[in-house]
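Working notes for the structure below.
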Amino acid sequence: MSGNTIIEAKGLELWYGDNHALKGVSLEIPENRITALIGPSGCGKSTFLKTLNRMNDLVPGVRIEGQLLYNGEDIYGPDVDVTRLRKQIGMVFQKANPFPMSIYDNIAYGPRTHGVRSRAKLDDIVERSLRDAAIWDEVKDRLNKSALGLSGGQQQRLCIARALAVEPDVLLMDESTSALDPISTGKIEELALELKNRYTVVMVTHNMQQAVRVSDMTAFFLLGELVEFGDTERLFSHPRDKRTEDYITGRFG
Amino acid sequence: MKGSITKGLSPRRRAYDITMRTLLYAAAALICALLVFLIGYILYRGIPHLSWQFLTSEESVIKDIEGILPAILNTVYVIIATLIFILPLGVGSAIYLTEYASNKRVVAAIEFATETLSGMPSIIFALVGVIVFCEFCGLGQSLIAGAFSLVMMTLPTVIRTTQESLKTVPLSYREGSLALGSGKWHMIRTVVLPSSVDGIVTGCILAVGRIVGESAVLMFTAGMGMRLAKYGDSVGEFFRNLFDSSGATLTVALYHYAKERADFDSAFAVAVVLLVIAFGINLAAKFAGRKLKKR
Ligand SMILES: Nc1ncnc2c1ncn2[C@@H]1O[C@H](COP(=O)(O)OP(=O)(O)OP(=O)(O)O)[C@@H](O)[C@H]1O
Ligand SMILES: [Mg+2]
């Protein structure tokens, strides 16, 4: 059930100093689908996710080989403008990280960064993004209050809205629901399902049920290797690799 | 009695407890008494000699007037001149060191150096100031030479405090900003600096405190002049007069009254003024820190 490929990794290798964290990862992420990355702790899920928007550039001593294409262009190519790449490929972190500013300014931060100045336009973007992130009704009366006063679940949806405000093509979510209660988690899962009409979502999750509930494709990582990648339903019902089967049936660390 | 919570401490431990507590109270009381005595004595000796005229006039032998207006103004001028240099220099270097410099070992060495410098006796800065600014640069004993020497002296402190407050800005804010496609400087300007401005302001206020309290450096580099700067015919000329002339700040004036003239009444009056300023600065530092943090 795969559409167009939006991101393609070919033999991607990554080292943190001497630590070989990604070993020859090759996969094709389809457009307008939700792709889940699963695997035990330390297997390289976050590392892979962060290569997609080059957040790994911040880590000193990182070395990357192989190819990573976004719409056919090399993400690590010599004339890539990282700020534009990150505008196209947005990210939501594990821990909600709203800036210590008003709710409005949080959402307007990205558009302002990219040059939107008109108040009317910003008002528009703020409302639309908050609606898209299913949090508008909860915050519309307190847009000028600090974002730090929101609950954890609200903060996370605010961060999603903030990421959506720059109109990315791809949204990366790194265990974005792991710190949330079931109700907030449910809201964000619903949100992801709605968003996939317009965005491509790549999410890291430790929660296998979540992967089954929301994702179309699943990639299973183990010790830096991509063990298996395929249709979520197929992968969970008929895993091809013994290690995948062990992991999804809970027989694995 | 295992598990009992009603049984008190054993007599020995209780005696120990009481002794320790008494000693601590005594120490605290002693310090407080000393402080109250000191402040009380300064106020007692100084306030009778404070008058509006004393605060607002230049001294005049002919008219037999004592006045510390020049010293008050000199203090203000030196503070402003020093801050003008220290803010961009100190904050700028701190930003460079914490956010941009990539060679960890060089940064560590510089941080060690700034720490050492900030603990150095001020008389050393006085010596360097005299040689570099007064003589080598030909500024003579002047307020501007004094301000430059104070920049040297307070720069390490401002760099350190700014660096410390930059480092407290969580990585998650930085990541959040970069992930939205900010450039590095944009990220620093919009996320890092606003969250650390309270620390930067506190550092500057502490620097002002050191400037007000400094005497050795200023005595050597800014001199002991007790006259008001001449206004001259233009603003430029006023500034030239102002910073060319030697001028005593309050602490230097205090020294002057006490040591050269044995006029302890005036010296204590100056001390009261300094006390009030120090109090004001500390209050401002507290208030600014709290107020800015809240936002
Ligand atoms: N900044 C870093 N510097 C050095 N090594 C790192 C860094 N980040 C991750 N690693 C290493 O890379 C490997 C993969 O880490 P990664 O964070 O990608 O795992 P993960 O699958 O996301 O795990 P988790 O589920 O616990 O988040 C681990 O061995 C980890 O120690
Ligand atoms: Mg991770």
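The values are calculated or read from the model by the stated rules, or taken from the named source; none is laboratory data. Keep in mind it's a predicted model, so treat the numbers as computed, not measured. Neighbour counts run over all protein chains shown; Cβ positions are idealised from the backbone, glycine included.
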**Fill in**
Scanning the range A:101-125 for residues that are away from chain B (no Cβ under 14 Å) and in a helix (DSSP H, G or I), the one surrounded by the fewest Cβ atoms within 10 Å (Cβ to Cβ) turns out to be A:120
**Message:** Here is a list: A:71, A:19. Which entry is modelled with pLDDT of 90 or more and away from ligand 1 (no atom under 13 Å from the Cβ)?
**Reply:** A:71
**Request:** Go through the range A:202-242 and count every residue that is of a type in the set (Gly, Ala, Ser), within 18 Å of residue A:178 (Cα to Cα) and part of a loop (DSSP other than H, G, I, E, B).
**Result:** 1
**Asked** Taking the range B:184-199, which residues are among the polar types (S, T, N, Q) and farther than 23 Å from residue B:287 by Cβ?
**Response** B:190
**Asked** Can you name the residue in the range A:151-184 that is β-branched (Val, Ile, Thr) and out of contact with any helix residue (DSSP H, G or I) (no Cβ under 6 Å at 6 or more places or on another chain) and, of all such residues, is surrounded by the fewest Cβ atoms within 10 Å (Cβ to Cβ)?
**Response** A:183
**Message:** If I ask for residues that are more than 14 Å from ligand 1 (Cβ to nearest atom), buried (at least 16 other Cβ atoms within 10 Å of the Cβ) and not β-branched (Val, Ile, Thr), which ones from the range A:22-34 would you list?
**Reply:** A:27, A:28, A:30, A:31, A:32, A:33
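Can you say whether residue A:129 is modelled with pLDDT under 95, buried (at least 22 other Cβ atoms within 10 Å of the Cβ) and under 29 Å from residue A:33 (Cβ atoms), as far as the supplied structure shows?
Details: modelled with pLDDT under 95: yes; buried (at least 22 other Cβ atoms within 10 Å of the Cβ): yes; under 29 Å from residue A:33 (Cβ atoms): yes.
Yes; evaluated as a whole, the condition is true for this residue.
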**Message:** So residue A:37 ticks every box in (1) at pLDDT below 95; (2) within 18 Å of residue A:230 (Cα to Cα); (3) within 13 Å of ligand 1 (Cβ to nearest atom) but one. Which box is left unticked?
**Reply:** (1)
**Asked** So residue A:148 fits all but one of (1) surrounded by fewer than 17 Cβ atoms within 10 Å (Cβ to Cβ); (2) without any contact (Cβ under 8 Å) to a residue 40 or more places away in the chain; (3) part of a helix (DSSP H, G or I); what number is the exception?
**Response** (2)
**Prompt:** Can you name every residue in the range B:176-195 that is within 11 Å of chain A (Cβ to nearest Cβ) and under 17 Å from residue B:100 (Cβ atoms)?
**Reply:** B:177, B:178, B:182, B:183, B:184, B:186, B:187, B:189, B:190, B:191, B:192
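Conditions (1) of a type in the set (Gly, Ala, Ser); (2) closer than 30 Å to residue A:14 by Cα, marked per residue:
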| position | (1), (2) |
| --- | --- |
| A:77 | yes, yes |
| A:86 | no, yes |
| A:124 | no, no |
| A:127 | no, no |
| A:134 | yes, no |
| A:143 | no, no |
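Can you tell me which residue in the range A:55-80 is nearest to ligand 2 (Cβ to nearest atom), limited to those that are of a type in the set (A, V, I, L, M) and under 30 Å from residue A:197 (Cβ atoms)?
Going residue by residue through the range A:55-80, those that are of a type in the set (A, V, I, L, M) are A:55, A:58-59, A:62, A:64, A:68-69, A:75, A:80.
Going one step further and asking which of them are under 30 Å from residue A:197 (Cβ atoms), we end up with A:55, A:68-69, A:75, A:80.
On the way: A:55: 12, A:68: 18, A:69: 23, A:75: 20, A:80: 24 Å.
Once the filter is applied, the top-ranked residue is A:55.
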**Of the criteria (1) assigned to a strand (DSSP E or B); (2) within 16 Å of ligand 2 (Cβ to nearest atom); (3) in contact with a Phe, Trp or Tyr (Cβ under 7 Å, 6 or more places away or on another chain); (4) within 20 Å of residue A:248 (Cβ to Cβ), which one residue A:27 fails** = (2)
**Request:** Check A:147, A:134, A:211, A:120 and return the single one that is within 25 Å of residue A:48 (Cα to Cα) and aliphatic (A, V, I, L, M).
**Result:** A:211
**Fill in**
Only unsatisfied item for residue A:95, checking (1) under 19 Å from residue A:172 (Cα atoms); (2) away from chain B (no Cβ under 14 Å), is (2)
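Being surrounded by 10 or more Cβ atoms within 10 Å (Cβ to Cβ) and not assigned by TED's automatic domain parsing to the domain that holds residue B:108 narrows it down to one residue among B:30, B:87; which is it? Give the steps one after another, and end with the answer.
Numbers: B:87 fails: not assigned by TED's automatic domain parsing to the domain that holds residue B:108.
So the residue among B:30, B:87 that is surrounded by 10 or more Cβ atoms within 10 Å (Cβ to Cβ) and not assigned by TED's automatic domain parsing to the domain that holds residue B:108 is B:30.
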**Asked** Within the range B:200-217, can you find the residues that are assigned to a helix (DSSP H, G or I) and either within 14 Å of another protein chain (Cβ to nearest Cβ) or farther than 20 Å from residue B:287 by Cα (or both)?
**Response** B:213, B:216, B:217
**Message:** Name the residue that is farthest from residue B:178 (Cα to Cα), counting only residues in the range A:44-54 that are in contact with a strand residue (DSSP E or B) (Cβ under 7 Å, 6 or more places away or on another chain) and more than 9 Å from ligand 2 (Cβ to nearest atom).
**Reply:** A:48
**Request:** Hey, could you check the range B:138-183 for residues that are touching a Gly at 6+ places or on another chain (Cβ under 6 Å) and in a helix (DSSP H, G or I) and say which is surrounded by the fewest Cβ atoms within 10 Å (Cβ to Cβ)?
**Result:** B:155
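To keep it simple, each residue is scored yes or no on (1) surrounded by 21 or more Cβ atoms within 10 Å (Cβ to Cβ); (2) facing another protein chain (nearest Cβ under 9 Å); (3) within 16 Å of ligand 1 (Cβ to nearest atom); (4) part of a strand (DSSP E or B).
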residue	(1), (2), (3), (4)
A:43	yes, no, yes, no
A:51	yes, no, yes, no
A:60	no, yes, yes, no
A:67	no, no, no, yes
A:78	no, no, no, no
A:83	no, yes, no, no
A:86	yes, yes, no, no
A:90	yes, yes, no, yes
**Complete:** For the range A:155-187, the count of residues that are touching a residue at least 12 places away in the same chain (Cβ under 8 Å) and within 14 Å of residue A:207 (Cα to Cα) equals 10
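So which of A:214, A:227 ends up being more than 20 Å from residue B:176 (Cβ to Cβ) and more than 18 Å from the chain's Cα centre (by Cα)?
On the way: A:214 fails: more than 18 Å from the chain's Cα centre (by Cα).
That would be A:227, the only listed residue that is more than 20 Å from residue B:176 (Cβ to Cβ) and more than 18 Å from the chain's Cα centre (by Cα).
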